[in-house]
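To keep things clear, I will list the structure first and then write my remarks on it.
The values are calculated or read from the model by the stated rules, or taken from the named source; none is laboratory data. Please read all numbers here as calculations on a predicted model, not as lab measurements. When we count neighbours, we look across all protein chains shown, and the Cβ atoms used for this are built from the backbone with ideal geometry, even at glycine.
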Ligand SMILES: NC(=O)c1ccc[n+]([C@@H]2O[C@H](COP(=O)([O-])OP(=O)(O)OC[C@H]3O[C@@H](n4cnc5c(N)ncnc54)[C@H](O)[C@@H]3O)[C@@H](O)[C@H]2O)c1
């Protein structure tokens, strides 16, 4: 039996707090696709296919033809930033897409101007901007964001909205008392509790307004009991945290392969050099700590050293990020992996991934917005584990559930969820039911 999914009517507004490198790259890319200049490469919703039924049936439609998603022609973008640059100017500044291509999209991009940010330097020490909302309390700031959301929706005649946090990584915060219930959280908003970071105020505003919310950065944002509960109560789907791109993407591709062959790993040293604004923000130890926690959790969950002590008990895992301006957005991620095989013989794998951070992240923003909206139209609420596929630090439904990091298991979960929504048989890859 399939789930009742409402049709994608009218326009979908994608709201992005933080109009920096990633956000401007996704916006420019969608316009380029709509103008026929480019193809949506890297986007599972646009280019991915899904196998249905038995292998002999030869049914593998495009995902976008299988589940009802908004067409890219019906998507509009908006967002907030503490710099007043319009999206064209911000994209030129980010330097991800070449200027000749950006100039072909100039008229569309320069129409998108940021709304004033809810920002506090105490949470992102390296940024200094002036395009910021002023209010006495965090609750008033949340109300101002809610007004922005309503104004955007009306002005752009949107039927539906989705929000994806593309703002900078905030300093490391641990879950505390104010995060436990919505009553305490709202009290904290009124009292300017320092444990409520700006990204939480955006998440609160979105969920209050019934807007699905995804968090592309590693800071807590909606990953606190108060907001998870609010999302459930308000019937809003949410997910996070931290887009899985670059080095962690590679890690979650390689590590499951090693484990599947019962090969041991003695050490995994990862270092990155990058020179964009994100790299500058992460150069601050408090902001890096948030990222480090997100990047370190991955191997532990995939390799399960407690269940495989001979292979992974002594694994030494280290992650470094170094701000190196000459590389700009073109990050270089080095991995040195010390592995061992039969009779303990040592081997090494070296990966040097010359990647483009925002090029890898942009399609994830698009997919998350489209899939979260699909979830909302399918009446799914709370944490969407099937979207773990997109994250370094996937939020699990409950705290005692372990997040899944293995990209192949994540893919299966995502595709089986789509099959479930459409009433198609789930695929187990068992294969015993084929005739010899
Ligand atoms: N690019 C990737 O591969 C990747 C992967 C995982 C996570 N991320 C995360 O995605 C986020 C965006 O990355 P980016 O490369 O675009 O960074 P960026 O520095 O280019 O853009 C971030 C933008 O957010 C703005 N901002 C910061 N705080 C804000 C606030 N409170 N309200 C509104 N705007 C705010 C900044 O002014 C900036 O323009 C970062 O947190 C980054 O860690 C990126």
- prompt: Pick from the stretch 112-138 the residues that are free of Cβ contacts under 8 Å to residues at least 12 places away in the same chain and within 11 Å of the ligand (Cβ to nearest atom): which of them is farthest from the chain's Cα centre (by Cα)?
  reply: 128
- prompt: Which one is nearest to the ligand (Cβ to nearest atom), of the residues in the stretch 344-369 that are in a helix (DSSP H, G or I) and in contact with a strand residue (DSSP E or B) (Cβ under 6 Å, 6 or more places away or on another chain)?
  reply: 361
message: Residue under question is residue 214, and the condition is that it be within 16 Å of the ligand (Cβ to nearest atom), within 22 Å of the chain's Cα centre (by Cα), part of a loop (DSSP other than H, G, I, E, B) and more than 21 Å from residue 136 (Cβ to Cβ); does it hold?
response: no
- prompt: Is it the case that the stretch 399-408 has a residue that's touching a residue at least 24 places away in the same chain (Cβ under 8 Å) and crowded, with 24+ Cβ neighbours inside 10 Å?
  reply: yes
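Condition check ((1) surrounded by fewer than 16 Cβ atoms within 10 Å (Cβ to Cβ); (2) away from the ligand (no atom under 16 Å from the Cβ); (3) part of a helix (DSSP H, G or I)) across all residues:
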site	(1), (2), (3)
174	yes, yes, no
187	yes, yes, yes
226	no, yes, yes
230	no, yes, yes
238	no, yes, no
248	no, no, yes
257	yes, yes, yes
265	no, yes, no
- prompt: Is there a residue being at pLDDT 95 or above, over 28 Å from residue 266 (Cα atoms) and either more than 13 Å from the ligand (Cβ to nearest atom) or not in a helix (DSSP H, G or I) (or both) anywhere in the stretch 286-293?
  reply: no
task: Restricting attention to helices (runs of 4 or more DSSP H) lying wholly within the stretch 1-111, give those where 3 or more residues are within 24 Å of residue 422 (Cα to Cα), more than 16 Å from the ligand (Cβ to nearest atom) and in the same structural domain as residue 412 (by TED's automatic domain parsing).
output: 44-47, 63-66
message: Please go through the stretch 328-343 and give me each residue that is farther than 15 Å from residue 282 by Cα, touching a helix residue (DSSP H, G or I) at 6+ places or on another chain (Cβ under 9 Å) and outside any strand (DSSP E or B), ordered by number.
response: 330
field: the stretch 194-210, subset out of contact with any strand residue (DSSP E or B) (no Cβ under 9 Å at 6 or more places or on another chain) and free of Cβ contacts under 8 Å to residues at least 40 places away in the same chain, residue surrounded by the fewest Cβ atoms within 10 Å (Cβ to Cβ)
entry: 195
field: Condition met for residue 183 (surrounded by fewer than 22 Cβ atoms within 10 Å (Cβ to Cβ), away from the ligand (no atom under 16 Å from the Cβ) and not in a helix (DSSP H, G or I))
entry: no
- line: Scanning the stretch 118-151 residue by residue, the ones that are closer than 14 Å to residue 198 by Cα, touching a strand residue (DSSP E or B) at 6+ places or on another chain (Cβ under 8 Å) and part of a loop (DSSP other than H, G, I, E, B) total 3
- line: From the option list 122, 191, 156, single residue qualifying as closer than 28 Å to residue 34 by Cβ and either surrounded by fewer than 21 Cβ atoms within 10 Å (Cβ to Cβ) or modelled with pLDDT of 95 or more (or both) is 156
message: Any residue at all in the stretch 197-204 that's outside any helix (DSSP H, G or I) and either within 16 Å of the ligand (Cβ to nearest atom) or over 17 Å from residue 145 (Cα atoms) (or both)?
response: yes
- request: Please give the number of the condition residue 169 fails out of (1) at pLDDT 95 or above; (2) within 16 Å of the ligand (Cβ to nearest atom); (3) within 23 Å of residue 365 (Cβ to Cβ).
  value: (1)
- line: residue 272 vs (1) buried (at least 19 other Cβ atoms within 10 Å of the Cβ); (2) more than 10 Å from the ligand (Cβ to nearest atom); (3) in a helix (DSSP H, G or I): all pass except (3)
message: Restricting to the stretch 127-138, count the residues that are modelled with pLDDT of 95 or more and surrounded by fewer than 20 Cβ atoms within 10 Å (Cβ to Cβ).
response: 7
